[in-house]
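Before any comments, here is the structure.
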Amino acid sequence: MNLLRAPSLVLENGLILRDPSTSGPEVHARTLISGDIIASVNTSEKVDWSPGQVVDCSNCLIMPGLVNCHVHSAMSMFRGLADDLPLETWLNQFIFPSEAKYVSPEMVRLGSTLSAVEMALSGVTTIADAYFFMEEAAQAVIDVGLRAVIAQGVLDVPTPDAKSQGAWKERALYFFRSVPSHPNITPALFCHSPYLCQPGTYSSAAEICKSHDVKLFSHVAETLTESQLIHKRYGVTPVELLNSSGVLDSSFVAVHCVHLTDRDVEIFRDSQVSIVHCPESNMKLASGHARIKNLLDNGLTVGLGTDGAASNNNLDLFEEMRSASLLGKLVSKNPEAVNAAETLTMATIGGARVLGLDDVIGTLSPGKQADIVVVDLSQPHLQPLYNPVSQLVYCARGSDVRDVIVAGKQIVRNRKLCSVSYNVIKKKVLELAAKIASDTGKKLFQ
Ligand SMILES: [Zn+2]
């Protein structure tokens, strides 16, 4: 098939960054999209198309869509409800009680839609979402037009969608049966953490994931309290515990990984576990700092995640990149550490590798899915432009994203959503937020 004969969308002019892990920006002529596929990148070839199919990218940079490897989308409904608290207090006194009361299929659909809209407008094209009632989260992603790995939450304790002890397995199997079948959606499971899932739960969840050929995600070694608790219970580190449970391999995605020993890093490297770094959530909850330079130096695959909007509190991956790089330099006392290209790699093709989607997305390459972001470079905080990669990591904001294309469909055009009405979503969000505010004694400002 000659894809050049039938472009459905044509990007012209500006600059293009095909793959931050291997190349720098180029002056851009023309990139052709055919259906959901990138047909040709930066070509001067002229074929027939109508003016309505052309996106002029003058004064802009065309780049691969950003990959947010860890988010709890529905938790945007709890954004700002409880801040400035330690993780354990935040979780046990505010988040878990609020989840028990408000998390429902409708709430998950609404909060996930709000987050999907926020991420689409700020240049995220793929997310890895983990929470409850995840078939609803999948539908929200489909409605907004993103791509996603959708991970059903697994905990030993009762949860909003698995109300008795140990009911997680039945719920997980129901999720695999009911998650919408869609080319942009990949299912997965998410074991909350070694302190809320016993080793046997991890083993069973890993078995289910193997039988469906999907990823198993988990928070791992997020806080010192977790490490101390696991050591008290089992006499080992959280990573050693998971290793002895036989669940660590290339399909395991470990989120946070703040408190790792040298032996933990060796175990992750040898078992080919992928890592998700969530610097802003780790900073806000004062959990500590992941040793990202060390993990990258050891050849581990690392992606970036925002975590949920209740612990960040926004889902802007441009901000997350800046934080990841600056924090990486600070903790390694090395200004050359976690440089701009490495950071942008984590947010694009690195994240795609974490999710097992690197053959599909993460770079602008012919034959890959057309997941593309157009960043407006004309704003004062982005000028003058000596180094576009530095500019993207250290200066750009989500609001600089002008156009977003996922699977060849333009879901954001001139900073406006094409897929869903934000006004309709906002009205519903405020109705539910008013109820949450009145029940919790908070004031909702409108
Ligand atoms: Zn998380």
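No lab work stands behind these numbers, since they all come straight from the coordinates. The structure displayed is predicted, hence computed values, not measured ones. We place every Cβ from the backbone using ideal geometry, glycine too, and count neighbours over all the protein chains shown.
Using DSSP to call loops (not H, G, I, E or B), can you name the GluC sites (Glu not before Pro) in segment 1-66 whose Cβ has at most 15 other Cβ atoms within 10 angstrom?
GLU45
Can you tell me which of GLY65, GLY367, GLY351 moves the most in a GNM of the chain? Springs connect C-alpha atoms under 10 Å apart.
It is GLY367.
Can you figure out the FRET efficiency of TRP49 with LYS232, using R₀ = 56 Å and their beta-carbon distance, to the nearest 0.05?
For TRP49 and LYS232, the calculated efficiency is 0.30.
Just tell me the longest site-free run in the chain, where the sites are chymotrypsin sites (Phe, Trp or Tyr not before Pro) in a DSSP loop having at most 10 other beta-carbon atoms within 10 Å.
1-385
Please work out how much length the chain gains when fully extended from ASN387 to LEU173, using 0.36 nm per residue of separation minus the C-alpha to C-alpha distance, in nm with one decimal.
Residue separation times 0.36 nm, minus the Cα-Cα distance, leaves 72.2 nm.
Counting only other residues whose beta carbon sits under 10 Å from that of VAL220, what net charge do I get with K and R as +1, D and E as -1?
-3
If neighbour count is taken as other Cβ atoms inside 10 Å, put LYS409, LYS427 in order from fewest to most.
LYS427, LYS409
In nm, to one decimal, how far is the LYS101 label point from the GLU12 one, both placed 7 Å along Cα→Cβ?
According to this spin-label approximation, the distance is 5.7 nm.
Scaled to the compact-protein estimate 2.2 N^0.38 Å, what is the alpha-carbon radius of gyration of the chain, rounded to two decimal places?
Here the answer is 0.95, to two decimals.
Please report how far the C-alpha centroid of segment 422-438 lies from that of segment 209-255, rounded to the nearest whole angstrom.
If you average the Cα positions of each part, the centres end up 37 Å apart.
Sum up the charges of everything whose Cβ sits under 12 Å from the Cβ of SER421, counting Lys and Arg as +1 and Asp and Glu as -1, but leave SER421 out.
That works out to +3.
What does the highest-first list of 134-144, 29-39 look like by mean Cβ count within 10 Å?
Details: 134-144: 24.6, 29-39: 21.3.
Highest to lowest by the protection proxy: 134-144, 29-39.
For LYS163 paired with MET283, estimate the spin-label separation in nm (one decimal), with each label point 7 Å from Cα along the Cα-to-Cβ line.
Modelled inter-label distance: 4.2 nm.
Full-extension gain between LEU444 and ASP249, please, as 0.36 nm times their residue separation minus the C-alpha to C-alpha distance.
65.7 nm
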